[in-house]
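The values are calculated or read from the model by the stated rules, or taken from the named source; none is laboratory data. Just so you know, these numbers come straight off a predicted model, no measurement behind them. No Cβ is skipped: glycine too gets one built from the backbone with ideal geometry, and neighbour counts run over all protein chains shown. Side chains included, ligands, DNA and RNA excluded: accessible areas come from the protein's heavy atoms. Shrake-Rupley method; radii C 1.70, N 1.55, O 1.52, S 1.80 Å.
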Amino acid sequence: MQLTNDNDQETDNIQKGGVISENLASKPQVLSDKKLIKEEVKRRLISGIQTAALEYDSLYNEEKATLNKDYVLLSLLFQRMFFYKLNEKLSGLSCDHTLRLTKQILTQMQFKRGKINEIIDVFKKNGGQCDCEILYNVESQLIGK
């Protein structure tokens, strides 16, 4: 019969706990409650702070995104839920072929007029002449395979 030291057992438990926490940290639980999702989207949109994982996050393809020279700005907008919010606003509507919704969302995100104009120039350069083209042509450069 082999006796173990209490300190050895405690050390083993701490190490096992560390492995479990690492696994939890590497695979955050994806929010599924609609109210919590809405709160997370608003938090990211307004303050840029991510507190939880969303299913939408898994759409992002970093390898594909880095092919675009504007990927830093576009990736930031993706993480801050700009494209998600634009898609949400456009769903059920037909595009009026303006950037009206885009400007509303960027204003809601608290960008100043000069920065909004810069972002719109980047969208236009990447094929986003109106709200729906931003989703089809610009967001598509960040997601999928």
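Ordered by residue, what ³J(HN,Hα) values in Hz, to whole numbers, does the stretch 38-50 give under the Karplus form 6.51 cos²θ - 1.76 cosθ + 1.60, where θ = phi - 60° and Gly and Pro are x?
With coefficients 6.51, -1.76 and 1.60, one gets 4, 5, 5, 4, 4, 4, 5, 5, 7, 10, x, 9, 9 Hz.
Can you list the equivalent-ellipsoid semi-axes of the stretch 81-133, largest first and in whole Å, using the square root of 5 times each Cα gyration tensor eigenvalue?
One finds semi-axes of 17, 13, 9 Å for the stretch 81-133.
For the stretch 87-145, report the accessible area per residue in Å² (1.4 Å probe, heavy atoms, rounded to an integer).
Per-residue value: 59 Å².
Could you size up the charge dipole of the stretch 61-134 around its Cα centre, putting +1 on the beta carbon of Lys and Arg and -1 on that of Asp and Glu, and report it in debye to the nearest 20?
Working: 12 positive and 9 negative charges, 63 e Å.
Result for the stretch 61-134 is approximately 300 debye, rounded to the nearest 20.
At a 1.4 Å probe, what is the % contribution of carbon and sulfur to the accessible area of the stretch 25-145?
51 percent
Take Ala53 and Ser32, extend 7 Å from each Cα along the Cα→Cβ direction, and tell me the distance between the two endpoints in nm.
Reported label-point gap for Ala53 and Ser32 is 1.4 nm.
Largest first, how would Asp33, Asp131 line up by accessible area (1.4 Å probe)?
So, going from the largest accessible area down, we get Asp33, Asp131.
So for Arg44, Arg113, Arg80, Arg100, what's the accessible-area order with a 1.4 Å probe, most first?
The ranking, largest first, comes out as Arg113, Arg100, Arg80, Arg44.
Starting from the residue with the highest accessible area, list Val30, Val122 in decreasing order, probe 1.4 Å.
So the residues, ranked largest to smallest area, are Val30, Val122.
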